[in-house]
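Single-structure report; data block below.
The values are calculated or read from the model by the stated rules, or taken from the named source; none is laboratory data. Since we're looking at a predicted model, the values are computed, not measured. Neighbour counts run over all protein chains shown; Cβ positions are idealised from the backbone, glycine included.
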Amino acid sequence: MHLTLTPDQRMIRDEGARFLAERASSEKLRALIEAGTRWDRDLWQAIAAELGWCAIAVPEDEGGLGMGATEVLVLMELSGARLAPVPLWSTLCLATPLLLALGAGKARARLLERIVAGEAALAVALGDPGAADGGAATITARAEGEGWVLDGIAARVIDAEAADVILVPAVIDGGTALFALERDMGQEIAPLETLDATRPVARLTLDGVALPGSARLDADGLTADQMTRALDMAHLGLAAEQIGAARAVMDLTLDYIAERVQFGRTIASFQAIKHRCAALEVDMAEARALALGIAAEFDTASAEDIAGLRVLAGDLARKAAREAIQMHGGVAITWEYDPHFYFKRAQATAALLGPRDAHLERIAAALLDQGDAA
Amino acid sequence: MSDALRKEVRDWMAKHLTGRFAPLWMRAGAGEGDVMPELRKEWERELAAGRWTCLGWPEEHGGRALSVAEQVVFQEEYSRAGGPGRMGHIGEGLIGPTILDYGTDDQKARFLPPIRAGEAFWAQGYSEPSAGSDLGNIRTRARRDEATGDWLVTGQKIWTSMAHVSDWIFVLARAEPDSVGRKGLIFLMMKLDQPGIEIQPIRQIGGGAEFNSVFFDGARAEARDVLGEVGDGWKIAMALLGYERGISTLGQQMSFAQELDLIIEIARENGAAERAAIRQRIAYAWAGLRAMRSLALRVLSEDPDAEAELMRERLAYKYQWATWHRDLGALAMDVIGLDGAPIEGDPRRERLEQMFLFTPADTIYGGTNEIQLNILAEVGLGMPREPRGTLT
Ligand SMILES: Cc1cc2nc3c(=O)[nH]c(=O)nc-3n(C[C@H](O)[C@H](O)[C@H](O)COP(=O)(O)OP(=O)(O)OC[C@H]3O[C@@H](n4cnc5c(N)ncnc54)[C@H](O)[C@@H]3O)c2cc1C
């Protein structure tokens with residue numbers, strides 16, 4: 001196991017990088033945000049329908065490309081690097097693994113087909129996207145006639161506005177079921193103002209929303225185990241985004257400091273600056289290696305490894321953005337320069353699915369509170 | 001293949017690391033380089049008899065030509081079984097491969113078999129009082145004896161690990177009197193037991209003495225024991241450092257894991273495991289060790305297409321593990337707390353205390369942390385080089 005990319009994986013990376021360099025520039029991002037647009041519909045169209053990125057992790061017998069976690073990692077690094085404002089993480093790393101974990105079912109299969117074809121963007125109405133386990137479902141469901149009625153509020157749903165279908169875990173008869181909520185079924189989606197303008201979040205309110213019988217996706221309940229399996233991929237996806245974002249902001253900083261002159265020399269020539277860039281590169285090497293190691297054996301990855309990855313990748317992204325701002329000096333405090341996008345994204349993403357201390361506590365509990373040590 | 005090898009190593013270690021070798025179990029790790037040298041030399045011969053030395057060397061020179069992955073398996077199982085720190089490391093891992101690549105047939109025939117057999121032990125004579133990080137500032141002189149063609153060496157080496165228990169030393173010396181920096185250097189292989197050489201052990205932070213000052217006063221290197229040509233010294237010295245790509249560090253990680261396990265064990269016993277900040281630090285250390293493993297596996301890749309991608313990681317690796325280990329030393333002491341005061345007693349505490357005292361050296365030897373960052377910035381990131389000063 002040498003944890004390097006295969007030629008195919010490198011090809012996916014290089015082509016993806018070329019594509020995003022053209023289609024997901026920071027000028028475009030800035031223009032979108034200034035126009036009050038919360039996500040990039042054209043870019044999503046291209047990613048989902050033309051490039052088929054949403055098909056990669058779906059097994060071949062379900063109509064997908066049957067690739068693995070490493071390919072997901074590669075693509076999420078790319079979209080993280082560009083802060084691409086598209087519902088890729090929600091669709092590829094959260095909703096798709098959740099559907100796959102669910103097992104057989106006709107409605108589920110139909111939905112996967114739409115994802116593979118790039119016809120549907122998805123979101124998941126987690127009870128608490130700030131908790132490492134996604135929190136408990138806050139929506140309730142009851143049977144009525146042939147169909148279902150859903151009530152309740154999911155306070156923060158990532159990518160809800162962009163989603164064609166929102167997967168809603170809902171409490172029913174003491175268990176949890178998973179429903180597919182199509183657009184315009186009577187739900188209310190209220191966009192929220194957030195720190196990170198590159199990832200839209202909205203409040204979802206369901207007030208007696210009636211769904212057809214086919215909207216229920218699970219056969220006999222959504223188990224905690226299925227949810228955990230899906231969230232593992234969600235965590236990997238976030239970590240990959242964080243690593244990609246760190247790489248991008250480090251690279252743009254290296255370019256900037258190679259040009260900027262003070263005291264008759266480039267600021268890149270000061271050892272204080274060199275050492276901090278190099279130390280960041282060490283953190284990068286560490287986080288990226290761990291991510292590749294986990295992705296290579298994803299099916300057997302431990303919860304502790306994934307928690308550790310979130311810590312290292314989260315620290316990396318925040319430190320890289322903070323250092324980028326420091327090394328740019330005053331221009332970094334302007335709207336016009338890019339580092340602030342990364343700064344905000346890094347902070348917001350670190351809070352997604354579990355704060356740092358919760359990840360560490362998850363590891364600590366495994367090492368210190370039970371059975372045998374590491 | 002690798003599973004069979006794993007079992008073979010495990011069985012062999014279980015059978016041989018017992019009896020008179022039992023005292024070596026888990027010993028001679030960080031800070032303990034100087035313990036039980038004679039028994040450890042015998043252990044090297046035991047390993048050699050089992051054909052467990054020089055695994056990556058070509059078969060014609062007594063190796064097994066094992067792949068990197070297979071050598072990693074050996075290292076992991078060796079450490080898992082509690083195998084002691086390897087006395088033969090400098091011979092097998094550093095000078096041996098250098099002789100294989102740069103040596104004459106005569107040198108290969110004379111030097112390689114005793115290294116493989118655990119009969120000749122080597123020390124590394126690079127650093128000097130005025131040449132530490134700035135290795136190019138070597139002042140030890142080598143003068144050619146016109147009558148014999150031999151080289152006569154005068155000067156001082158310092159921090160020379162294990163010189164007091166070694167048979168040979170390789171020495172970087174200045175052969176061209178007026179040369180400066182990397183030019184005019186020569187790479188010599190010298191017998192330590194000779195009149196012109198005096199070895200003075202230097203007492204270390206932990207009480208032991210694993211490194212030495214080595215004084216040369218007209219000591220002799222035979223004409224046939226120059227590696228490469230006169231003037232090639234720097235090139236060969238750097239090539240030698242390049243062979244240590246980290247195979248042995250995967251074994252080292254096993255002992256890091258054992259140290260972390262000890263810390264966890266003690267934290268559970270003395271209640272430190274209930275303190276939130278300690279819990280977080282232990283968890284963070286664990287995550288860093290997991291990352292270190294993946295990083296080592298990447299760094300060891302032999303995939304030629306991944307070279308560009310891995311260049312920075314290779315340069316980052318030493319800093320990563322050294323800094324991690326140094327932090328672990330501090331964590332160990334914080335977990336032990338006041339109980340750490342008495343040195344006698346619990347062998348677990350003794351081991352962790354030695355670790356705490358020795359891990360600051362991890363970020364110094366083999367290129368200090370600052371030098372690692374300089375190289376990573378300059379070679380890895382293409383940033384401007386450090387200017388040289390004018391003081392000598
Ligand atoms: C336990 C141990 C075993 C050793 N074994 C051997 C051995 O077997 N053979 C051998 O030849 N050597 C050996 N060494 C020596 C080791 O290689 C040197 O200690 C090391 O290269 C640093 O040199 P120095 O000690 O002279 O420190 P210095 O070079 O004086 O460095 C002192 C401080 O200044 C910093 N510094 C120096 N230059 C720069 C720079 N350009 N930019 C920023 N900071 C800088 C350093 O990072 C360090 O923090 C050993 C050392 C130790 C601790």
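None of A:208, A:221 is touching a Gly at 6+ places or on another chain (Cβ under 7 Å), at positive phi and free of Cβ contacts under 8 Å to residues at least 60 places away in the same chain except A:221. Counting residues in the range B:131-146 that are at pLDDT 95 or above, of a type in the set (Asp, Glu) and under 20 Å from residue B:241 (Cα atoms) gives one or more.
Here is a check on your reading of the model: is residue B:348 surrounded by fewer than 21 Cβ atoms within 10 Å (Cβ to Cβ) and at the interface with chain A (Cβ under 10 Å from one of its Cβ atoms)? When the stated conditions are applied, residue B:348 does not pass them. Once the range B:118-144 is narrowed to residues that are within 13 Å of the ligand (Cβ to nearest atom) and of a type in the set (A, V, I, L, M, F, W, C), the residue that is surrounded by the fewest Cβ atoms within 10 Å (Cβ to Cβ) is B:131. In this structure, does residue B:376 turn out to be outside the structural domain of residue B:159 (by TED's automatic domain parsing), crowded, with 19+ Cβ neighbours inside 10 Å and under 13 Å from residue B:266 (Cβ atoms)? No: the conditions fail for residue B:376.
Residues of the range A:22-49 that are within 21 Å of residue A:69 (Cα to Cα) and surrounded by fewer than 19 Cβ atoms within 10 Å (Cβ to Cβ): A:49 alone. Is there a residue in the range B:215-236 that is basic (Lys, Arg), closer than 25 Å to residue B:367 by Cα, assigned to a helix (DSSP H, G or I) and modelled with pLDDT of 95 or more? The answer is yes; a qualifying residue exists.
Would you check if there is a residue in the range B:33-47 being in contact with a Phe, Trp or Tyr (Cβ under 9 Å, 6 or more places away or on another chain), farther than 30 Å from residue B:206 by Cα and not β-branched (Val, Ile, Thr)? Scanning the range B:33-47 turns up no residue that is in contact with a Phe, Trp or Tyr (Cβ under 9 Å, 6 or more places away or on another chain), farther than 30 Å from residue B:206 by Cα and not β-branched (Val, Ile, Thr).
Could you say whether any residue in the range A:166-174 is in contact with a strand residue (DSSP E or B) (Cβ under 9 Å, 6 or more places away or on another chain), at pLDDT below 95 and part of a helix (DSSP H, G or I)? No, the range A:166-174 contains no residue that is in contact with a strand residue (DSSP E or B) (Cβ under 9 Å, 6 or more places away or on another chain), at pLDDT below 95 and part of a helix (DSSP H, G or I). Only one entry in B:290, B:314, B:326 is touching a helix residue (DSSP H, G or I) at 6+ places or on another chain (Cβ under 7 Å), closer than 30 Å to residue B:70 by Cα and either within 16 Å of the ligand (Cβ to nearest atom) or not in a helix (DSSP H, G or I) (or both), namely B:326. For the range B:332-339, check the following and say yes or no: at least one residue is assigned to a loop (DSSP other than H, G, I, E, B), more than 14 Å from chain A (Cβ to nearest Cβ) and farther than 24 Å from residue B:134 by Cβ. Looking through the range B:332-339, none of the residues is assigned to a loop (DSSP other than H, G, I, E, B), more than 14 Å from chain A (Cβ to nearest Cβ) and farther than 24 Å from residue B:134 by Cβ. Screening the candidates A:313, A:351 for the property of being surrounded by fewer than 19 Cβ atoms within 10 Å (Cβ to Cβ), more than 9 Å from chain B (Cβ to nearest Cβ) and either among the aliphatic types (A, V, I, L, M) or closer than 23 Å to residue A:279 by Cα (or both) yields one hit, A:351.
Within 13 Å of the ligand (Cβ to nearest atom), more than 14 Å from chain A (Cβ to nearest Cβ) and either under 30 Å from residue B:391 (Cα atoms) or touching a Gly at 6+ places or on another chain (Cβ under 6 Å) (or both): is that true of residue B:90 in this structure? So residue B:90 fails the test.
Does any residue of the range B:351-362 turn out to be of a type outside the set (A, V, I, L, M, F, W, C), within 13 Å of the ligand (Cβ to nearest atom), within 14 Å of chain A (Cβ to nearest Cβ) and in contact (Cβ under 8 Å) with a residue 12 or more places away in the chain? No, the range B:351-362 contains no residue that is of a type outside the set (A, V, I, L, M, F, W, C), within 13 Å of the ligand (Cβ to nearest atom), within 14 Å of chain A (Cβ to nearest Cβ) and in contact (Cβ under 8 Å) with a residue 12 or more places away in the chain.
Filtering A:294, A:273 for residues that are within 16 Å of the ligand (Cβ to nearest atom) and β-branched (Val, Ile, Thr) leaves a single hit, A:273.
Out of curiosity, is residue A:114 farther than 14 Å from residue A:214 by Cα and in the same structural domain as residue A:52 (by TED's automatic domain parsing)?
yes
Condition check ((1) over 18 Å from the mean Cα position of the chain (by Cα); (2) within 13 Å of the ligand (Cβ to nearest atom)) across all residues:
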| site | (1), (2) |
| --- | --- |
| B:164 | no, yes |
| B:175 | yes, no |
| B:190 | yes, no |
| B:196 | yes, no |
| B:199 | yes, yes |
| B:215 | yes, no |
| B:226 | yes, no |
